[in-house]
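Read the structure below first, then the notes.
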Amino acid sequence: MIIVMQKHAPEPSIEHVVAELSGRGFDVHRSTGSDQTVLGIVGRVDTLDPREFELFEGVQEVVRVSEPYKLTSRTFRPENTVVKARGVEIGGDKVVVMAGPCTIENETQMFETARRVARAGARILRGGAYKPRTSPYAFQGMGVEGLKLLRAAGDENNMAVVSEVMEISQIEKMLEYVDILQVGARNMQNFNLLSALGQVRKPILLKRGMSATIQEWLLAAEYIMSGGNYEIILCERGIRTFETITRNTFDIAAIPVLNKLSHLPVIGDPSHAVGRRDKVMPVARAAIAAGADGLLIEVHHDPDKAVCDGPQSLYPDQFTKLMDELRIIVPAVGRSL
Ligand code: PEP
Ligand code: MN
């Protein structure tokens, strides 16, 4: 249930509603907008009579939401959420590009790649230290040593950094080094992990599961938000379909659908969607044209020697070209880069 307060409702009237609901054992999530406050009520709301709250002072409307997600919904928060990571805003006017290798391999690779993507205009550096590999025999990541390299390369280039967390036990250590924690496609419905990330006070990049519906994806975000962490970035990375030429199928429509259903920022990851570098740039351009708030792109200083996802990693020169193209497309959709 969502309670929409009147525009500029006095603070005591808001507090009165919150106190009444908390007193009855409900979780109340408050969203304070520039002129309107909205309260998201979580719990056994079927036991509540909306009319009772409609009569409270300062209340404009009580809405029973039919969607199973509440806090991630635009009804709860009409304005866009702007997520902040080390001074970089995701979901605001500027389109934000995150780039870097699939996995952190060594110092040369991380620093070379970081310098090249930073020079081209990427604001956030990516690199996996814990890798969800399909085969147990494939390289599993450098762990904490990798995180140290990622942080150092990010600092040298004045970038925020993002890396994937695979299990609860890694969270605490990762918080020392990263600005954004990524939840990978394979973990989108790891509900224990999502709940634990609800307790964290750093942004979460939540990738879409490879066969997740948009509703399941928003419910995964709801797990994190209901724990109190509202800083979530959704990332469309392709879904599994009957098509086999590309690694996955990029669901371009998910971007405008999410922009309508949710206030959370949405970015596109064409690298994991298409799986081959010759198709990454056109899909990246399409994602921005469709209204994405940013991109996640795999770039490697020497992709032919990459330990992981080399065939889908852009050469630095290709990434620079993509950024030049974005400088033309981004203003056309009313944003800046
Ligand atoms: C990645 O970002 O390297 C990754 C493993 O992505 P996904 O979870 O989307 O497959
Ligand atoms: Mn990858």
* **Condition check for Arg276: away from ligand 2 (no atom under 16 Å from the Cβ) and open to solvent by 10 Å² or more (accessible area, probe 1.4 Å)** => no
* **Per-region count, region 130-158, residues open to solvent by 50 Å² or more (accessible area, probe 1.4 Å), at pLDDT 95 or above and among the charged types (D, E, K, R)** => 4
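Taking the options Glu57, Glu67, name whichever one is open to solvent by less than 70 Å² (accessible area, probe 1.4 Å) and part of a loop (DSSP other than H, G, I, E, B). Break it down into steps so the answer makes sense when it comes.
On the way: Glu57 fails: open to solvent by less than 70 Å² (accessible area, probe 1.4 Å).
When all the criteria are applied, what remains is Glu67.
Every residue, every condition in (1) without any contact (Cβ under 8 Å) to a residue 24 or more places away in the chain; (2) in contact with a Gly (Cβ under 7 Å, 6 or more places away or on another chain); (3) more than 19 Å from Ile168 (Cα to Cα), yes or no:
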position	(1), (2), (3)
Val183	no, no, no
Gln189	no, yes, no
Ala220	no, no, no
Gly238	no, no, yes
* Counting just the residues of region 296-313 that are more than 12 Å from ligand 2 (Cβ to nearest atom) and closer than 16 Å to Ala114 by Cα, which one comes out surrounded by the fewest Cβ atoms within 10 Å (Cβ to Cβ)? -> Asp302
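Yes/no matrix, rows are residues, columns are (1) within 16 Å of ligand 2 (Cβ to nearest atom); (2) surrounded by fewer than 24 Cβ atoms within 10 Å (Cβ to Cβ):
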site	(1), (2)
Leu205	yes, no
Gly209	yes, yes
Glu216	no, yes
Leu219	no, yes
Ser226	no, yes
Glu236	yes, no
Thr241	no, yes
Thr244	no, yes
* Within the set of pairs 6+ apart or on separate chains, which have a first residue in region 113-138 that is at positive phi, a second that is part of a loop (DSSP other than H, G, I, E, B) and away from ligand 2 (no atom under 12 Å from the Cβ), and C-beta atoms under 8 Å apart? -> Gly121/Leu337
* To do: Please enumerate the residues belonging to region 158-170 that are part of a loop (DSSP other than H, G, I, E, B), more than 16 Å from ligand 2 (Cβ to nearest atom) and in contact with a Leu (Cβ under 7 Å, 6 or more places away or on another chain).
  => Met159, Glu167
* Asked: If you go through region 120-156, how many residues are of a type outside the set (Gly, Ala, Ser), over 16 Å from Lys173 (Cβ atoms) and part of a helix (DSSP H, G or I)?
  -> 2
* Structure fact -> Of Thr103, Thr47, the only residue that is in contact with a Lys or Arg (Cβ under 9 Å, 6 or more places away or on another chain), closer than 24 Å to Ser226 by Cβ and of a type in the set (S, T, N, Q) is Thr47
* Only residues in region 289-306 that are within 23 Å of Pro256 (Cα to Cα) count as the first member; pair them with residues that are at pLDDT below 95 and in a loop (DSSP other than H, G, I, E, B), Cβ under 9 angstrom, at least 6 apart or cross-chain, and list the lot. => none
* **Residues of region 307-330 classified as of a type in the set (Val, Ile, Thr) and within 14 Å of ligand 1 (Cβ to nearest atom), total** => 1
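The values are calculated or read from the model by the stated rules, or taken from the named source; none is laboratory data. All values reported here derive from a predicted model rather than from experimental measurement. Every residue, glycine as well, gets a Cβ built from its backbone with ideal geometry; the counts of neighbours run over all protein chains shown. Heavy atoms of the whole protein, side chains included, go into the accessibility calculation; ligands, DNA and RNA do not. Shrake-Rupley method; radii C 1.70, N 1.55, O 1.52, S 1.80 Å.
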